[in-house]
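One structure below.
Any read-out appearing in this document is the output of simple, stated calculations on the displayed coordinates, not a laboratory observation. Just so you know, these numbers come straight off a predicted model, no measurement behind them. Because the Cβ atoms are built from the backbone with ideal geometry, glycine has one as well, and the counts that use them run over all protein chains shown.
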Amino acid sequence: MALIAGAGCGATSSGPEEQAGPEYGLGLVVHVENHSIHDATITAVSGPHRATLGIAPPDDERTFTFQWPRTRIRFEIRPITGGTRLTDEVLVGDGDELRLRIEPDFRGVIGT
């Protein structure tokens, strides 16, 4: 599984959103490596669903564990310096662990 985004890039869904489960959703973990010199707010996004996971401090790693109601997800990265970047959309299953890497120059964000 890969998450890739560059400045101004975004992904679109090729089909309708799928519900993960009416009560609990999927248990997901995302490991964020922020190699930039700026704080970045990380938000999970899929269709109308949004969940701010928290802030990834500069030159640090953070792990976020959360419930997600969909089988598709992408991440919005908002550095405090402004702008927004979106990863490509990926399919997820219960218990999946994702890795998101924020590059120092914010020209690319890579995760697996």
*Could you list all residues from segment 59-85 that are within 18 Å of residue 105 (Cβ to Cβ) and surrounded by fewer than 16 Cβ atoms within 10 Å (Cβ to Cβ)?*
59, 60, 80, 81, 82, 83, 84
_Condition first: closer than 22 Å to residue 25 by Cα and assigned to a loop (DSSP other than H, G, I, E, B). Can you find one or more residues in segment 42-53 that meet it?_
yes
